[in-house]
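Asks: Encoded as structure tokens, here's the structure I'll be asking about.
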Amino acid sequence: MTQFAIEKLEEQINKFIWYHTIDLGNGLITPGLYDHRPYLKFYGFPEDLKGKRVLDIGTLNGFFAFEFERRGAKVVATELPDWLDHDFGPDYKIDRPLEVLKSYLHESFELAKKILNSKVEKILTNIYEISPEKLGYFDLVFCGSLLLHLTDPIKALWNIKKITQEIAIIATAIQPEEDPIPQALYIGHSSADTWWLPNKACLIEMIKSAGFSRVEWFSKFRLDYRNGQPGWFHGVVHAKI
């Protein structure tokens, strides 16, 4: 690729807001709010996913979808059709023009997919509408940093179970303090875009309620912002059929 072509792509990349830091090759790296690359070890993804069908729920810019594809999987990624399809409460304030938020939700993914020459299939749907009839079944289902944005995370987990054939890997923000009593902190009213912060015991029980035969705690880590600002503590659970 010529230097001129690289500079043109860089111009396109910088037009968008990026949540994910994605290495697109040729020195092109998206300016994401988070850089998940140093944290991959905490998720426990199989290194080799050849022959596996993988679902990335709430893909946004596509970091995890492209990572699964790099490991050999056939990947389907879901995202909401429109920005206002999120579980926003009536107090939610839109802080950017809707066309900018739409590009954040969709166009950035399409640009990254094009540059990477990716074959990830993207389906527009809400997690509450996920079903075998709509999406089929998957060997691995990944749901990362999404449950805290849902008013009904329990229903979402039930739907995840319905489409999982082998393992679901669930990662979400959690309360850092551990307590044997399952409990979730309600955090929704002030921002109207984040709702529940479970503790470790609660997250495990929530996932068990979906009917998985084995629910195993995998890790706890703090997902900091790319600029070094401290972020939420996250818990990762492996739920097996």
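Asks: Being touching a helix residue (DSSP H, G or I) at 6+ places or on another chain (Cβ under 9 Å) and open to solvent by less than 20 Å² (accessible area, probe 1.4 Å) is the filter here; which residues of the range 159-169 pass it? Working first, answer last.
Replies: Start the filter on the range 159-169 by keeping residues that are touching a helix residue (DSSP H, G or I) at 6+ places or on another chain (Cβ under 9 Å), which leaves 159-163, 168.
Correct list: ASN159, ILE160, ILE163, ALA168.
Asks: ALA65 is checked against (1) open to solvent by 10 Å² or more (accessible area, probe 1.4 Å); (2) part of a helix (DSSP H, G or I); (3) touching a residue at least 24 places away in the same chain (Cβ under 8 Å) and fails just one. What number does that condition carry?
Replies: Status for ALA65: all satisfied but (1).
Asks: Can you pull out every residue in the range 68-96 that is part of a helix (DSSP H, G or I), surrounded by 21 or more Cβ atoms within 10 Å (Cβ to Cβ) and not charged (D, E, K, R)? Before the answer, list the steps.
Replies: First pass over the range 68-96, keeping only residues part of a helix (DSSP H, G or I): 68-70, 83-85.
With the extra rule that they be surrounded by 21 or more Cβ atoms within 10 Å (Cβ to Cβ), the set shrinks to 68-69.
Matches in the range 68-96: PHE68 only.
Asks: Which of the residues spanning the range 121-158 are of a type in the set (S, T, N, Q), open to solvent by 10 Å² or more (accessible area, probe 1.4 Å), farther than 17 Å from HIS238 by Cβ and touching a strand residue (DSSP E or B) at 6+ places or on another chain (Cβ under 9 Å)?
Replies: Taking the range 121-158 and keeping what is of a type in the set (S, T, N, Q), we get 125-126, 131, 145, 151.
Adding the requirement that they be open to solvent by 10 Å² or more (accessible area, probe 1.4 Å) leaves 126, 131, 145, 151.
Next, from what is left, pick out any that are farther than 17 Å from HIS238 by Cβ: 126, 131, 151.
ASN126, THR151 - these are the residues of the range 121-158 that are of a type in the set (S, T, N, Q), open to solvent by 10 Å² or more (accessible area, probe 1.4 Å), farther than 17 Å from HIS238 by Cβ and touching a strand residue (DSSP E or B) at 6+ places or on another chain (Cβ under 9 Å).
Asks: Continuing with the same structure: I'm checking my understanding of the structure. Among residues of the range 116-135 that are outside any helix (DSSP H, G or I) and either touching a Leu at 6+ places or on another chain (Cβ under 9 Å) or hydrophobic (A, V, I, L, M, F, W, C) (or both), which one is farthest from ASP82 (Cα to Cα)? Reasoning before the result, please.
Replies: So the first thing to find is which residues in the range 116-135 are outside any helix (DSSP H, G or I), and the list is 117-126, 130-131.
If we keep only those that are either touching a Leu at 6+ places or on another chain (Cβ under 9 Å) or hydrophobic (A, V, I, L, M, F, W, C) (or both) too, we end up with 120, 123-126, 130.
Numbers: VAL120: 20, ILE123: 12, LEU124: 9, THR125: 10, ASN126: 10, ILE130: 16 Å.
Once the filter is applied, the top-ranked residue is VAL120.
Asks: A further question on this structure: Output the qualifying pairs, or none if there are none: Cβ atoms under 9 angstrom, residues six or more apart or on different chains, first residue in the range 111-132 and within 16 Å of GLU69 (Cβ to Cβ) and among the polar types (S, T, N, Q), second residue open to solvent by less than 30 Å² (accessible area, probe 1.4 Å) and in a strand (DSSP E or B).
Replies: Short answer, once both residue conditions are applied: SER118/VAL75.
Asks: Does ILE22 count as out of contact with any His (no Cβ under 6 Å at 6 or more places or on another chain) and open to solvent by less than 10 Å² (accessible area, probe 1.4 Å)?
Replies: On the way: out of contact with any His (no Cβ under 6 Å at 6 or more places or on another chain): yes; open to solvent by less than 10 Å² (accessible area, probe 1.4 Å): yes.
Yes, satisfied.
Asks: Since GLY32 meets every condition but one in (1) more than 26 Å from ILE167 (Cα to Cα); (2) in contact with a strand residue (DSSP E or B) (Cβ under 9 Å, 6 or more places away or on another chain); (3) not in a loop (DSSP other than H, G, I, E, B), which condition does it not meet?
Replies: Tallying (1) more than 26 Å from ILE167 (Cα to Cα); (2) in contact with a strand residue (DSSP E or B) (Cβ under 9 Å, 6 or more places away or on another chain); (3) not in a loop (DSSP other than H, G, I, E, B), GLY32 fails exactly one: (3).
Asks: Would you confirm, using the coordinates I've provided, whether ILE57 is under 19 Å from THR194 (Cα atoms) and at pLDDT below 95?
Replies: For ILE57, the condition - under 19 Å from THR194 (Cα atoms) and at pLDDT below 95 - is not met.
Asks: Kindly list, by first and then second residue, each pair from a residue in the range 224-241 that is within 14 Å of LEU197 (Cα to Cα) and surrounded by 15 or more Cβ atoms within 10 Å (Cβ to Cβ) to a residue that is of a type in the set (Val, Ile, Thr) and at pLDDT 95 or above, limited to pairs with Cβ atoms under 6 Å and residues at least 6 apart or on different chains.
Replies: Within 6 Å, the pairs are PHE233/ILE174; GLY235/ILE174.
Asks: If I ask for residues that are over 18 Å from the mean Cα position of the chain (by Cα) and touching a residue at least 40 places away in the same chain (Cβ under 8 Å), which ones from the range 208-223 would you list?
Replies: Residues satisfying the conditions are SER209, ALA210, GLY211, PHE212.
Asks: Take the range 170-194 and flag every residue that is surrounded by fewer than 21 Cβ atoms within 10 Å (Cβ to Cβ) and of a type in the set (A, V, I, L, M, F, W, C). So that I can check it myself, show each step before the final result.
Replies: Residues of the range 170-194 that are surrounded by fewer than 21 Cβ atoms within 10 Å (Cβ to Cβ), as a first pass: 175-194.
Scanning the range 170-194 gives ILE181, ALA184, LEU185, ILE187, ALA192.
The values are calculated or read from the model by the stated rules, or taken from the named source; none is laboratory data. Model, not experiment: these values are computed from the prediction. Note that we place each Cβ from the backbone using ideal geometry, even for glycine, and neighbour counts take in every protein chain shown. Surface areas here come from the heavy atoms of the whole protein model, side chains and all, with no ligands, DNA or RNA. Shrake-Rupley method; radii C 1.70, N 1.55, O 1.52, S 1.80 Å.
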